[in-house]
1. Just for the range 24-37: of the residues that are part of a loop (DSSP other than H, G, I, E, B) and of a type in the set (Ser, Thr, Tyr), which one is modelled with the highest pLDDT?
2. Could you give every pair whose Cβ atoms fall below 6 Å, whose first residue belongs to the range 4-23 and is part of a helix (DSSP H, G or I), and whose second residue is buried (at least 16 other Cβ atoms within 10 Å of the Cβ) and of a type in the set (Phe, Trp, Tyr), counting only separations of at least 6 or pairs across chains?
3. Select from the range 34-59 the residues that are more than 28 Å from Leu5 (Cα to Cα) and of a type in the set (A, V, I, L, M) and write down the one among them that is surrounded by the most Cβ atoms within 10 Å (Cβ to Cβ).
Amino acid sequence: MKKPLLIGVGALLVIVGVLWTLQGLGYIGGSVMTGATVWAVVGPVIALVGAVMVAVGLRGGRAAR
């Protein structure tokens, strides 16, 4: 994956993960996800995966082959 794509997808995952977490915790209403504990658990996991993708994308150097 090219670095800009990796960073972009990672950032999108962080945003979605935070949104899902806030919906799961009941801070953002208007969805079937609101107040559902599963989204309060899945959201941080998705955000963490996205943060790792951004960190890998921002890391300098080339991948070892």
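1. The selected residue is Tyr27.
2. Hits for this filter: Trp20/Trp39; Gln23/Trp39.
3. Ala36
The values are calculated or read from the model by the stated rules, or taken from the named source; none is laboratory data. This is a predicted model, so every value here is computed, not measured. Reconstructed Cβ throughout: ideal geometry from the backbone, glycine too, with neighbour counts over all protein chains shown.
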